[in-house]
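Asker: Sharing a structure with you now.
The values are calculated or read from the model by the stated rules, or taken from the named source; none is laboratory data. Note that the structure is a prediction, hence the values are computed from the model and not measured. Glycine gets a Cβ as well: all are built from the backbone with ideal geometry, and neighbour counts include every protein chain shown.
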Amino acid sequence: MVALIPAAPAAVKAPVGPTLPPPRLDRPAREVVRASVLGAWARTDMLFCSVDSDAAFQTQPDPLRNPLVFYLGHPAAFYVNKLVMAGLLATGGVEPALEALFERGVDPAHADDLALTAYPRTEAVWRYRDRVRAVVLGVIDRVSWDGEIGPDDPRWALLMALEHERIHFETSSVLLRQLPVEAVRRPPGWRYAAWDAPAPADAGALVAVGGGRVTLGRPAWARTFGWDNEHGRLDVEVAPFEAGRDLVTNGELLAFVRAGGYAHDALWSAEGRAWRDARGVTAPRFWVPRATGYAYRAMFDELPLPLAWPAEVTAHEAEAYARWASASRGVPGMRLPTEAEHAQLAAGAPLDEHGDVVASEAYNLCLRLGSPSPVGSFGGATSRWGCRDVRGNVWQWLADDFAPLPGFATHPYYPDFSTPYFGSDHGMMAGGSWASTGGSASRWYRLWFRRFFHQHAGFRLVRSVGA
Ligand SMILES: [Fe+2]
């Protein structure tokens, strides 16, 4: 028997539609920061209000992550811990036991490595969130908003906690997709893209991408918050290559599944085979086997498999598909792009007035929709080479290991945001997804995960010229 949760904020109105862009560092305004914090907070509330039982909150939707209730408390505790660190809140915080319990997330290589602990009942965590929200708003109202915010400014901690909440909105949304569909209720106003639209006739074609010099790293002129790993600069000379005009679709992945691709060992890396066998993987995580084929687990509903939406897979599956596509299409050398190649294939795609993409309507980013969209359907998200969906829709797995850029330096408020994850255990992604908001939707954001981790993530294939 599951219990309803009376303490969930009853007045949460589902905030639908695109989110606000990140506050500006050069002319910060109290009202903008307040609205941004409240907007991100309300979206987290909306997400977790869709889960209506304490029993569901106390389970792990993913065996590699904490029970769901942890992610309800974690963003609030993060605000408190960082504001204390910055001297904007007195030592002792709001509720020290919860600030310790919800302090940091996990990233185990194996489920057995995860040390589970007991968590309070969900209604206590909702009450904690409400208390912390009032405290955070009190800080925003108390501090002066005169003057530009630099990394040494205590207000940096507020912006960091805001962006952190936005990151967790997205990762928590992926956890919710791993709950049984009966455990969630779609929030009023949530909008999916058309799931029965066809893919463009030329989807899957390769286009020529010219070579050139690419500069990675958040430029000094950017005037929004950036995480440590975005800073620094790397110039890369990219050779001409060919790239998929579109992201690989569910329809294309279905052909791979039907051809026995998941069972064909030679297509998989040793690491990918080990993951596939340990988890018994036979299809993408969000496909639901049914007698007549596969259904699709969207955020809050089961839908017919949207064949024109980008496939959402792990990097291991993307790499296996690439080998199969090379062999079956007779096109050698198909692979994931590097970070620099992704930047090059995206060149010329629209930017907003800040030189970024966060506020641009050209992309399926920032919750304009509550799902991926048919590939190529955001016509503006096209680069000068004709590559579509170069940002937004779903994240795009890259070939690179996660690595710092030259000039990287940690920030004292969060010294281990990136450094524990550099190296070959974590692959990179670029571009953001429909659920990426704030800085996560920025063209300078650099994301990493273990190559077997689930995210709203897909891929595009590329090949070197003459491969
Ligand atoms: Fe976190």
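Asker: Out of the residues in region 266-286 that are aliphatic (A, V, I, L, M) and not in a loop (DSSP other than H, G, I, E, B), state the one that is surrounded by the most Cβ atoms within 10 Å (Cβ to Cβ).
Answerer: Here is the first cut: in region 266-286, the residues aliphatic (A, V, I, L, M) are 266-267, 270, 274, 278, 281, 283.
Keeping just the survivors that are not in a loop (DSSP other than H, G, I, E, B) gives 266-267, 270, 274, 278.
Details: Ala266: 9, Leu267: 23, Ala270: 8, Ala274: 13, Ala278: 11.
For region 266-286, the residue satisfying everything is Leu267.
Asker: With respect to Trp190, is the statement that it is among the aromatic types (Phe, Trp, Tyr), within 30 Å of Tyr414 (Cβ to Cβ) and more than 16 Å from the ligand (Cβ to nearest atom) true? Give the derivation first.
Answerer: Details: among the aromatic types (Phe, Trp, Tyr): yes; within 30 Å of Tyr414 (Cβ to Cβ): no; more than 16 Å from the ligand (Cβ to nearest atom): yes.
When the stated conditions are applied, Trp190 does not pass them.
Asker: Something else: Any idea which residue in region 97-112 is surrounded by the fewest Cβ atoms within 10 Å (Cβ to Cβ), counting only those that are part of a loop (DSSP other than H, G, I, E, B) and away from the ligand (no atom under 16 Å from the Cβ)?
Answerer: Restricting attention to region 97-112, the residues satisfying the condition of being part of a loop (DSSP other than H, G, I, E, B) are 102-110.
Filter again for away from the ligand (no atom under 16 Å from the Cβ), leaving 109-110.
On the way: Ala109: 11, His110: 9.
My answer is His110.
Asker: Continuing with the same structure: So how many residues does region 53-80 have that are in a loop (DSSP other than H, G, I, E, B) and small (Gly, Ala, Ser)? Before the answer, list the steps.
Answerer: In the first step, residues of region 53-80 are kept if they are in a loop (DSSP other than H, G, I, E, B); the result is 53, 58-67.
Those left that are additionally small (Gly, Ala, Ser): 53.
The number of residues fulfilling the criteria is 1.
Asker: Quick one: Trp41 ticks every box in (1) more than 16 Å from the ligand (Cβ to nearest atom); (2) closer than 30 Å to Arg285 by Cα; (3) in a helix (DSSP H, G or I) bar one, so which box is it?
Answerer: (1)
Asker: Further question on the same structure: Looking only at region 171-187, count how many residues are more than 10 Å from Arg43 (Cβ to Cβ), more than 11 Å from the ligand (Cβ to nearest atom), assigned to a helix (DSSP H, G or I) and in contact with a helix residue (DSSP H, G or I) (Cβ under 9 Å, 6 or more places away or on another chain).
Answerer: Qualifying residue count, region 171-187: 3.
Asker: Can you confirm whether Val132 is of a type in the set (Val, Ile, Thr) and either part of a loop (DSSP other than H, G, I, E, B) or away from the ligand (no atom under 16 Å from the Cβ) (or both)? Working first, answer last.
Answerer: Values: of a type in the set (Val, Ile, Thr): yes; either part of a loop (DSSP other than H, G, I, E, B) or away from the ligand (no atom under 16 Å from the Cβ) (or both): no.
It is false that Val132 is of a type in the set (Val, Ile, Thr) and either part of a loop (DSSP other than H, G, I, E, B) or away from the ligand (no atom under 16 Å from the Cβ) (or both).
Asker: I've got another one for you. Being at pLDDT 95 or above and either under 18 Å from the mean Cα position of the chain (by Cα) or within 16 Å of the ligand (Cβ to nearest atom) (or both): is that true of Phe57 here?
Answerer: Details: at pLDDT 95 or above: yes; either under 18 Å from the mean Cα position of the chain (by Cα) or within 16 Å of the ligand (Cβ to nearest atom) (or both): no.
Taking the combined requirement at face value, the residue does not satisfy it.
Asker: Please name all residue pairs, on different chains or six or more residues apart, with Cβ atoms under 8 Å, provided the first residue is in region 21-46 and is closer than 23 Å to Arg186 by Cα and the second residue is among the hydroxyl-bearing types (Ser, Thr, Tyr) and part of a helix (DSSP H, G or I).
Answerer: If the second residue must be among the hydroxyl-bearing types (Ser, Thr, Tyr) and part of a helix (DSSP H, G or I), the pairs left are Thr44/Ser172.
Asker: Mind checking which residues of region 81-96 are among the hydrophobic types (A, V, I, L, M, F, W, C) and either within 13 Å of the ligand (Cβ to nearest atom) or in a loop (DSSP other than H, G, I, E, B) (or both)? Before you say what the answer is, go through the steps one by one.
Answerer: In the first step, residues of region 81-96 are kept if they are among the hydrophobic types (A, V, I, L, M, F, W, C); the result is 83-86, 88-90, 94.
Scanning region 81-96 gives Ala86, Leu88, Leu89, Ala90, Val94.
Asker: Please indicate, with yes or no, whether at least one residue in region 379-387 is modelled with pLDDT of 95 or more and surrounded by 22 or more Cβ atoms within 10 Å (Cβ to Cβ).
Answerer: Scanning region 379-387 turns up at least one residue that is modelled with pLDDT of 95 or more and surrounded by 22 or more Cβ atoms within 10 Å (Cβ to Cβ).
Asker: Here is a follow-up. Of the conditions (1) buried (at least 18 other Cβ atoms within 10 Å of the Cβ); (2) at pLDDT 95 or above; (3) within 22 Å of Gly39 (Cα to Cα), Arg142 clears all except one; give me its number.
Answerer: Tallying (1) buried (at least 18 other Cβ atoms within 10 Å of the Cβ); (2) at pLDDT 95 or above; (3) within 22 Å of Gly39 (Cα to Cα), Arg142 fails exactly one: (1).
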